[in-house]
Every structure is written in structure tokens, then in C-alpha cells.
Amino acid sequence: MATKTQQSLSKDALAMAADTQKPRQLKYVWDFQDRIFRGVMRSAGSSVLVIMGLVGLFLTLRASEALGSVGFSFFTTQAWEPDSGNFGIAAVIAGTVIIAIIAIVVAVPFSLGTALYISEYAPRRIKRLLITMVDLMAAIPSVVFGLWGFFFLQNEVTPVAKWLSQNFGWIPFLSVQGSDPSDPLTSNTVFTSSSLIAGIVVGLMITPIVTSVMREVFSQAPIGEREAALGLGSTRWGMVRNVVLSFGKGGIIGATMLGLGRALGETIAVYMIISPVFVVQPRILENGANSVSSLIALRYGEATQMGMSALMAAGLALFIMTLIVNFAASSIVARSRSGASS
Amino acid sequence: MTTQNIVEEQKRQLHGIRIRDLLTTLTAATSAVAATGFLFSIAPLNGVLTFVLIAYVLFIVFFALITAIDDDREGVKDRVASVIIRSAAVIIFSALVFIVVFTISRGFEALPYLNFFTQDMSLAGPLDPLSSGGILHSILGSLIQIAIALAITIPLGLITAVFLNEIPGKYSRFVRTMVEAMTALPSIVAGLFIYATAILLLGVQKSGFAAALAISVMMLPIMIRASDVVLRIVPGTLKEASLGLGAGAWRTAWMVTLPTARSGLTTAIILATARGIGETSPVLLTSGFTASLNLNPTEGPMVSLPLAIFQFVKSPEPTMIARGFGTAAVLMFLVLILFMLARILGSDKNVFGNLVKNIRKLTKKKVA
């Protein structure tokens, strides 16, 4: 703002001018209506914090009895017999993680493909429709996925699981106990209700949310860089790989973790498919699996006070696990070049 | 005089499908299916899924080989990537359509019976034919629970969304992060929470009201996030105009921000409803189970559609399973209808379409 006239002014005048050029104090007096309104808004906003706080608080309070009685062995015991004091979440946590990993392995490639298709390949006319369909898929109730998994997918996956175990049984997690690989007439029941089937169903359930986050990120890839790549003679895939994918790297990781958070918490579909076992069961093709949430759904009805407390402790562990995964996901998304978009 | 041969460069086609690609795809697909059929006849393989998996892998290989005849490395990569991406999308969308169609088609066994919609299950045992008993209790139960949940979440959710947009700052950023974390709250934990507070601590019995509270915990973050996004795109100039004319924060939100975003907010509410109505696990812990009709949400167990499905298919009886699929079909129809409603209300008259209408409405009022 230094103009010639200002430079020729005396020091006093300069000081005065500087004084008057200070930003005016804008004192805003909220009227009564607005003060109430702002108060209501703030308290509504706080309600979310209160609810989340209460969830943590009450689960901890209710869980303290069970946690106090078994101490650290809660994390190492595989059995679940709360009334005889022998219980822990080692088996169910392992089961939850196994199912979630299978779900991620199923969901991420398909989501990546679908998100790229919608944002890069789909004709403009059907783009809106496809986005709506992804949203719709996210709203399909999990009990419907469970029905489909149990009454349809199970029969289709069983022969594949059998074939896998017969030909790749030497890989530890693909082996199946109680089935003789050389006997082609092995009963199929040993391949039902496995982590694999539950994982595939959960994978399909989280595909929409993962897809929509990825698509959102991809669609923000800068148009200038896209055009530059194409203008330099890149093929479409070359452009996608070097511009869209490298731009959306953070978004892809974030979306994957977001999906992981969902997969960890899925209840009903898993409950309907698996047959619960209380040992760490790493053989994914074999009958028998477990997860924290399906344990709660399975045992809450018959639980005594101690049993309920133990279930609350399991719920608390699940709550903390999903919170950590989710915060990690959002911080990765926020720090990536594509920014917090979800 | 030399005639210069001007070689016209061919434009690279980036969109649309070329005839050559179509033929290549067809050729590769046919030969993959044929080769897989051959493999199946010589090796001990069975199962539809196995066939599809092997055929797909062969298809990609053949496709790459055919493209490689007259394209360079980059070209082959481009075509193969495009085929893989397209097929991923095709698989996911057909899986979606298939799940919906599978549920509804298996539900048709129970749907033709009128009593399925007018009776409850109190007089029908597991061995009774489909001509007796129905799901009236769970349809009404679902509607009552979702109504209570909406009565809680619409005001709370919308005001929170307005808060996130109107009072920006550190606090609202933190709230937004927590809302995001809450979206990922496992549904069974929401059920456990209501069980621990409302039922064990406050002494509310297992009822429709407790179930509605658990559903609200699940719906609230979805509603906040969806309406937050909508409110964010309300043009700032509109709000500034309102404030500049001397309206307070409350009048601006009530007369300008919310009406402008009305269609988007409706969509947000409907989407949250569609999610809430399908929640099973929070309800499982909080509503109790009954086979008879109960219209009182504060007393006695009350069943909702997803919970009824869950209980039906636990039974090994074919008629009960048929009822389960029938109920699932009803639930899917409900979700689909809600979705179409959301699209119709949210698409055509979008935020900016509404804008013009609202300005007209406001000016009309002022003149009159």
C-alpha cells in the first residue's frame, strides 16, 4: 500500500494512518433467538461425542468384571466358558481377522476395477446409474447377504474349496483336516461353513463402500495431468496408471482400511454362515470359524451376569479395534494427495 | 516436381468400442470356453464356479495373445487392463442384481398367499403350510421402530449437519471425525450399548423402543454425513445475502440454507432409513422376539422384518425357509422403493434446481 503520497507524509501522520488502518473490531451481538440456536446446534453436535463416549464408557464398565477376573489371559485364552472362569478372545479375534482379510482380498481388486470402470471407462450416460447402483448395493441388508451366502454361494464354493484343498493342500492354510485328498468321494460337509465362504460374503458386502470411496478419489484426479498424459501419446491404461492411480494411492489405502473396519464388525451374515469353533482355526477352507460379533450374537441369549460381562469385554475389544483401523484410514486418506474426500 | 505423400496420422480412439476389439473379445471368449470344456473332459474337475474361473484365466491369456499380433507392448497392456477392469465391474454389478433377483424369486413361493401380509405367526407353527401365518407383525414392527428412530435422528442429525457447516472450527472438525468413526461402529456394538444402558441400567424392557434406540445409533452418523455433504454445496453467496439483509443465523438456516438443500436432505433421510430398516444385529439384542403382533413399542417384544428373516431361516423346515425368503423379498422391495423415492426426489430437482424455485418463492412472499 506504499504510495508516493504516503511516503511523503510525516512520521506522525504515518503512525496515525497505521492506527486507523487496524482492522475494525467487529463486535457482533447475537440476539436471543440466535444464541439459543447456536446453543442447540452445539449441543446436537456434541451428542455424537456423548454417544461415542458413552459407548466406550459403558462397555468398559460392564466389561470390568470379566476383565478383572481373568486379567491378561483374556487375550490369550481360546475357550469361551465364562461361567467356569475360562474364557478369552484369542480364537474369536483370530477368526475375525481371518474373515476380514479374506473379505479384503476379495473386495479390493473388484472395488478397484469397478471404481476405475465407473470413473474412467463407463459411458457418460450410464455413469449416474452405476453410482446409484453402488449406493443401492450398500443398502442391501446384511441378513439378505447372509441368506444368499448360505443358500446359494455355499453350494457353489464347496467344489472349488475341495479342488483347492486337493491340489494345494500342501499350503498350510489351504489344507483341510478330515478330508483325504486322494479320495474323490470325500464328503462335502467338511468344506461348508468355512471362513472362506463367510469371507467372500463379507467381501461382497464391503465392496460398495470401498468402491464408492475409491471412485470419489479417482474422479478428483486433476484433469490437466490426465490431458497431459494423453497428449503425450499415452494409452488410456498408461494414463490411468500414472495419473489416476498414483494420484489416488492414499485413497486406495484409506478405502481398503475403511472396508477392513466394516469387515471386522459384520455380524449377521457371518453368523448365518459359519459354524462356531473356539480354537484358532487358520485352515480357511475347513468347516468351522468364528468372529467376535457372531460370538456376541450367539451367546447373548443364554448369558449369565458373568457371561454378559465377558461379551461386553469382547464387544469393547471389537469397538477399539474398529476405531483404530478407522482413524488410521481417515488419517491416511486425509494426508494423501487426493485429500479428505470421503 | 515431386508429389509428397502425406501420410495421414490416425487419431487414437479413446472411447467407444472398436469392431476389432469386439471380435478379439469374442474369439478369445469362445476359445477359452472351448479349451476349458476340453480341460474338464480330461481332468477330474467339476463345479460351475471352477469352470468360470479357469475359463476366465484362459480368456485373459488368449485375449493378450490375439492383441499382441498387431499391437505393441503398451497397446497390449492397455487392452488387457481395459478388459480386466470391465469384467470386474460386470461381475460386481451382476452379483448385485443376482442377489436381489435370487432373494425375490425365492420369496415368490410365499408371496402369493394373501394371509402372508394379513396375519402374524402366533397361530402358525413351523409345520403349518404357507396358507396360514404371515408377517404382519414384523412389517408393522419395522415401520413403528423406524418411525421412532426417524423421530430421534432427523432433528438430531440435521441440526448436527447444520452445526458442522455453520460453526466451522476446531470443535466441528473434531465432531466430523467422530461422526466418521461412528459410521464404522459395528452394529452389534450398538446393540450391546443400548442393552447395557437402556435395558440393564435404566430398566427399559426389551421392546420396540429399545430397538429403535439401537437403530438410531446406527442411522445417526449416516444421516449426518449425507446431509453434511448436501449442506456444503449450498452457495455461500445465498447465506451472505441473507445475513447482509439483516437476518440472524437462525433465520438464515431456517429460511435459506435448509430450504435450498431440501431435496438433498430428503435423499439423505431416505438413504439413512433404507440402512436403518435392514439392521438386524442391534435389534437382535434389544427388541426381544415374538411371533405375535405387538403395536406397543414401550412394552413387550416387537419383531422387525430383518429379525423375522433371521428367525425364520434358523428353522430347518422348508416352509419356514420359504417364509424367510418371502420376508426378505418384502424387505428388499421396501429398500428398493425407498431408494427410488430418494432418487426421484433428489435427482431432477437437485440443489441448484431448487435454488431458483426458492428464490422465486421468497420474492413472491415479500411482494405480497
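Bear in mind that the values in this text are calculations on the coordinates, not laboratory data. What you see is a predicted model; the values in this text were computed from it and never measured. Neighbour counts are summed over all protein chains in view; Cβ atoms, including those assigned to glycine, are modelled from backbone coordinates with ideal geometry.
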Students often forget the sequence filter, so: which aspartates and glutamates lie under 19 Å Cα-Cα from A:LYS127 once same-chain residues fewer than 8 apart are removed? A:ASP135, A:GLU216, B:ASP348
10 Å Cβ shell holding at most 14 others, DSSP loop, GluC sites (Glu not before Pro): longest site-free stretch of chain B: B:10-298
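I need the helices of chain B that pass two filters: whole DSSP H segments spanning 30 Å or more by Cα along the axis, and mean Kyte-Doolittle score no lower than -1.0.
B:19-42, B:48-69, B:73-107, B:136-166, B:208-232, B:318-347
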How tilted is helix A:124-139 with respect to the longest principal axis of chain A? Cα atoms for both, answer in degrees (0 to 90, nearest 10). 60
For a quick check: with amide H placed at 1.01 Å from N, whose amide H comes under 5 Å from A:ASN86's, ignoring anything fewer than 5 positions away on the same chain? A:GLU81
Each label point is 7 Å from the Cα along the Cα-to-Cβ direction; what then is the distance between the points at A:GLU302 and A:GLU156, in nm? 3.4
Evaluate the distance, in nm, between pseudo-label points positioned 7 Å from the Cα of B:GLU240 and of B:VAL52 along their respective Cα→Cβ axes. 5.5
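How many Cβ atoms of partner chains, on average, are near each residue of B:90-97 if near means within 10 Å of its Cβ? Don't skip to the end; give the middle numbers.
Numbers: counts 3, 4, 15, 8, 0, 6, 8, 2.
That average works out to 6.
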Count, for each residue of B:216-222, the Cβ atoms from other chains sitting within 10 Å of its Cβ, then give me the mean as a whole number. 2
Which whole-Hz ³J(HN,Hα) couplings does the range A:86-92 yield from phi under the Karplus relation 6.51 cos²θ - 1.76 cosθ + 1.60, θ = phi - 60°, glycine and proline marked x? 10, 8, x, 9, 4, 5, 6
Name the long-range amide H neighbours of A:ALA289: under 5 Å, sequence gap of 5 or more, or other chain; modelled H, no Pro or chain starts. A:SER275, A:VAL277
Counting other Cβ atoms within 10 Å, keep those with at most 15, restrict to DSSP loop, and tell me which chymotrypsin sites (Phe, Trp or Tyr not before Pro) in the range B:224-333 are left. B:PHE289
Between exposed trypsin sites (Lys or Arg not before Pro) in chain A, where DSSP calls loop and at most 15 other Cβ atoms lie within 10 Å, what's the longest gap? A:28-336
Of B:ALA147, B:ALA322, B:ALA249, the one that fluctuates the most in a GNM where chain B has Cα springs shorter than 10 Å: B:ALA249
What's the exposure ranking of A:SER84, A:SER330, going from fewest to most Cβ atoms within 10 Å? A:SER84, A:SER330
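Efficiency by 1/(1 + (r/R0)^6): what FRET value for B:SER105 and A:ARG125, r their Cβ-Cβ distance, R0 = 30 Å, to the nearest 0.05? Working shown, then result.
Values: r = 29 Å, r/R0 = 0.96.
Step by step, r from the Cβ atoms, then E = 0.55.
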So for the protein assembly as shown, what are the equivalent ellipsoid semi-axes in whole Å, largest first, each being the square root of 5 times an eigenvalue of the Cα gyration tensor? 45, 40, 26
Calculate the spin-label point distance for B:ASP72 paired with A:ASN167, positioning each point 7 Å from the Cα along the beta-carbon direction, and give it in nanometres. 3.7
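From the alpha carbon gyration tensor of the range B:136-367, can you work out the equivalent ellipsoid semi-axes (sqrt of 5 times each eigenvalue) and give them in Å, largest to smallest?
Working: eigenvalues 290, 82, 41 Å².
They are 38, 20, 14 Å, listed from largest to smallest.
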Estimate the FRET efficiency between B:SER315 and A:SER246 by the formula 1/(1 + (r/R0)^6), using the beta-carbon distance for r and 60 Å for R0, to the nearest 0.05. 0.70
List nothing, just return the count: lysine pairs in chain B, 8 or more apart or interchain, with Cα separation under 23 Å. 15
